[in-house]
Amino acid sequence: MGSVYQIVTETVAEIMATKLDIGKYELRPEASFRELGFDSLTLLHMILTLEEKLNVEINDEAVFRQETVGDLIETLESQGTAA
């Protein structure tokens, strides 16, 4: 199995690509949620989906403070997600 970073990155990319109807390899770490078209409701739904896929509880407040895809991945990794 891959590293925590790889698992989180792949899962985030898969979920975001599905929600945005784009290829997961089109997502750049520096892309902002606003640039990608995410609003707070879409982000909340993504958090719930991540919790289900990764079988963890995610600190919603920490995620809502993030502005880019890379920030989200680093936050999830630092929370021990998928460990």
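For the chain, report the accessible area per residue in Å² (1.4 Å probe, heavy atoms, rounded to an integer).
62 Å²
How large, in Å, is region 19-59 by the Kirkwood hydrodynamic radius built from its alpha-carbon pairs?
On the way: mean 1/r = 0.0881 Å⁻¹.
Hydrodynamic radius (Kirkwood, Cα pairs) of region 19-59 is 11.3 Å.
What is the spread of the Cα atoms of region 39-83 along each of their three principal axes, largest first, in whole Å?
Principal-axis extents of the Cα atoms in region 39-83, largest first: 27, 18, 15 Å.
Go from 0 up to the bin containing the longest alpha carbon distance in the chain, width 10 Å each, and give me the % of pairs per bin.
For the chain, the pair-distance distribution reads 18, 61, 21, 0.
Helix-derived [θ] at 222 nm for the chain: sum -39500 (n - 2.57) over DSSP H runs of at least 4, divide by residue count, nearest 500? All intermediate terms of the calculation are to be shown ahead of the outcome.
Details: 5 runs with 51 residues, N = 83.
Value at 222 nm, helices only, nearest 500: -18000 deg cm²/dmol.
The values are calculated or read from the model by the stated rules, or taken from the named source; none is laboratory data. In this text, all values refer to a predicted model and were calculated from it rather than measured experimentally. When the accessible area is computed, the model is the full protein with side chains, heavy atoms only, and any ligands, DNA or RNA have been set aside. Shrake-Rupley method; radii C 1.70, N 1.55, O 1.52, S 1.80 Å.
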